[in-house]
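**Student:** Below you'll find the structure I mean.
The values are calculated or read from the model by the stated rules, or taken from the named source; none is laboratory data. Note that this is a predicted model, so its numbers are computed, not measured. Neighbour counts run over all protein chains shown; Cβ positions are idealised from the backbone, glycine included. Surface accessibility is based on the protein's heavy atoms, side chains included, excluding ligands, DNA and RNA. Shrake-Rupley method; radii C 1.70, N 1.55, O 1.52, S 1.80 Å.
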Amino acid sequence: ASEPVHAPLSMLSSLSSYPASPPRFVSVEELMETAKGVTNMALAHEIVVNQEFQVKPAELPEGSLERRVKEIMHKAFWDCLEAQLTGDPPSYNHAIKLLAEIKEVLLSFLLPGHGRLRTHIEEVLDLPLIQQQAENGSLDISRLAQFIVGMMGSLCAPCRDEDISKLREITEMVPLLKAIFSVLDLMKMDMANFALSSIRPHLLQQSAEYERNKFQEFLEKQPNALDYTEKWLEDTVRCLREGGVESSRAASSDPPSLLPLNVHNQAYLRLLRWDHAADPFPETVLMDQVRYQEMQQEAERLVLLSSLLLIVYTTTGEAISGLTGLMDTLKNTVSAMLADMHTPSFSTEEALATIGERFCIELSQCLSQHGYSPFSADRQSTLKGQISATAQPDNTVRKLMDSRVQSYLLASLESSYQRTPPPLPGGLAPVSKELKELAVRFCRLVNFNKLVFSPFYQKILQDVLTAEESSSTET
């Protein structure tokens, strides 16, 4: 599988690593069957949720033992073929086997309506006849190779036209056959990706039930496979009781109710604040862990970006509100500086110091060009100080914008089945495009997850909320 595949098969090793509770012995056959089921489930999930999923040929690492062995074996095969074809008399044993493989591949490309092409291929690549011609010394393998290249040209995708043209330029037989197989491998990938794009709409309808059934089979063999999911939902209920959650009802001081839907939405929102290094990810969202990490990083970037732009606006006053293009320029400056903010080598303090300097230069030039009072040294110092202060997670402006971003995502989730998007909180207009795109990605992923695992969630939430009510009654 290719990039941007988000490690779907890691779910198998992660789920299988949980300690057995209670211990249960399984046979090797059961284990292998379970592994196959989880792998198929992860692959089906990846095809559905990743619109850019494609099949690409596997590339062995440069200098690896596997690659060296493969290269040696291939060279030995083609050298042997070269020796057979240049012998006196030539031997076509290996070549006929290759023609049989090529014929099989070409026939696999045909659709049910390609009856005439199928007949043509069967007639020209008639293996018994070719074998007879080879024995009689009348085989024209060059003619067959040119037929194969022509047939490939009629069956390939337009993106392979250049590859076919290069095949026509090769005159020596062994290099030509070698190149034919290389292009056929590419055509197989094209056909596989075409098939994926064709079945995706149909797979979407069936995938939820398929994933649910496969997970149920895994759960029967691994009874503790929902332990972290239960903890995730239990912790969410506790956070709701303690008031440590975001609410889309910003004007209300009442804590969110403990209705199952509210708890569930809050639980998904907590995934965008997850400590991936310390806390195991819930099993039911494990296949999408990397996607949630990416959305979490994007949310954090938008929080810091909107915080800096809000500071600029409040520091310089309304003078810049009418300056067309200034906020876009400042936004582009910050975006470029924060592009690598989640890499190990990134220094937030250094980046913010540079952003402060750049802001002061841009503002000074822009204000003077439009006849406003100069951007004084005191105001520059104040702006730089406020920008540098956002390096701290508990910075007032940063906490405010973080709360608003989280509230918007929660409101988007709560209204995801409505056509009208929720109103944008104040201060987020400069990042509205990016925030709306993030909300769409988040809601799509959450809604599909709900569709798949809703029966499991309903039972867990019912048990958790019932236990909470009993505990509150006793208290």
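**Student:** Quick check: from the Cα gyration tensor, does the stretch 310-442 come out rounded (a/c under 1.5), prolate or oblate? Don't skip to the answer; put the middle values down first.
**Tutor:** On the way: a/c = 2.18, a/b = 1.52, b/c = 1.43.
Because a/c hits 1.5 or more and a/b exceeds b/c, the stretch 310-442 counts as prolate.
**Student:** Another one. Test of the criteria: in the stretch 157-187, which GluC sites (Glu not before Pro) are in a DSSP loop and have at most 13 other Cβ atoms within 10 angstrom of their Cβ?
**Tutor:** On the way: sites: Glu162, Glu169, Glu172; in loops: Glu172.
Sites meeting the loop and neighbour criteria: Glu172.
**Student:** Further, regarding this structure: For Gln296 and Ala58 in the same chain, what is the full-extension length gain: residue separation times 0.36 nm, less their Cα-Cα distance, in nm? Please report the intermediate quantities before stating the final value.
**Tutor:** Values: separation 238, 0.36 × 238 = 85.68 nm, distance 3.01 nm.
Length difference between fully extended and current span is 82.7 nm.
**Student:** How far apart, in nm, are two points set 7 Å out from the Cα along the Cα-to-Cβ line at Glu242 and at Thr382?
**Tutor:** Here the modelled spin labels are 3.8 nm apart.
**Student:** Can you give the relative contact order of the stretch 326-440 as a percent, counting alpha carbon pairs under 8 Å and 6+ residues apart?
**Tutor:** Values: 64 pairs, mean separation 24.3, N = 115.
Result for the stretch 326-440 is 21 percent.
**Student:** Moving on. Can you give me the distance in nm between label points at Ser138 and Leu186, each placed 7 Å from the Cα along the Cα-to-Cβ direction?
**Tutor:** Calculated label separation equals 3.7 nm.
**Student:** While we're on this one: What is the distance, in nm, between label points placed 7 Å from the Cα along the Cα-to-Cβ direction at Asn193 and at Gln458?
**Tutor:** Result for the modelled spin labels: 4.1 nm.
**Student:** Convex hull over the alpha-carbon atoms of the stretch 94-209: what's its volume per residue in Å³?
**Tutor:** Working: hull volume 14.3 nm³, N = 116.
Spelled out: Cα convex hull of the stretch 94-209, divided by residues, is 123 Å³.
**Student:** Now for a separate question. For the stretch 46-182, which whole-number percentage of the solvent-accessible area (1.4 Å probe, protein heavy atoms only) is attributable to carbon and sulfur atoms? Intermediate results must be reported in sequence, preceding the final value.
**Tutor:** Numbers: 4480 of 8440 Å².
Reported share for carbon and sulfur atoms: 53 percent.
**Student:** Could you check how many percent of all C-alpha pairs in the stretch 278-362 are farther apart than 22 Å?
**Tutor:** Taking all Cα-Cα pairs of the stretch 278-362, the fraction more than 22 Å apart is 39 percent.
**Student:** Less than 20 Å apart at the alpha-carbon level, and either on another chain or at least 8 residues along: which aspartates and glutamates does that give for Lys384?
**Tutor:** Glu318, Asp328, Glu349, Glu350, Glu357, Glu362, Asp394
**Student:** Straight-line reach from Lys70: which aspartates and glutamates fall under 13 Å, measuring Cα to Cα and dropping same-chain residues less than 8 apart?
**Tutor:** By straight Cα distance, Lys70 reaches Glu59, Glu62.
**Student:** Roughly how many percent of the accessible protein surface of the stretch 348-475 is carbon and sulfur, given a 1.4 Å probe and a whole-percent answer? Please report the intermediate quantities before stating the final value.
**Tutor:** Details: 3640 of 7140 Å².
That share works out to 51 percent.
**Student:** Report the chymotrypsin sites (Phe, Trp or Tyr not before Pro) located in the stretch 408-467 that are in a DSSP loop and have at most 12 other Cβ atoms inside 10 Å of their Cβ, or state none.
**Tutor:** Details: sites: Tyr408, Tyr417, Phe442, Phe448, Phe453, Phe456, Tyr457; in loops: Tyr417.
Here the sparse-neighbourhood loop sites are Tyr417.
**Student:** Let me ask something else about it. What FRET efficiency, computed as 1/(1 + (r/R0)^6) with R0 = 30 Å and r the Cβ-Cβ distance, is obtained for Lys178 and His202, rounded to the nearest 0.05? Each step should come with its number before you reach the end.
**Tutor:** Details: r = 38 Å, r/R0 = 1.26.
Calculated value: 0.20.
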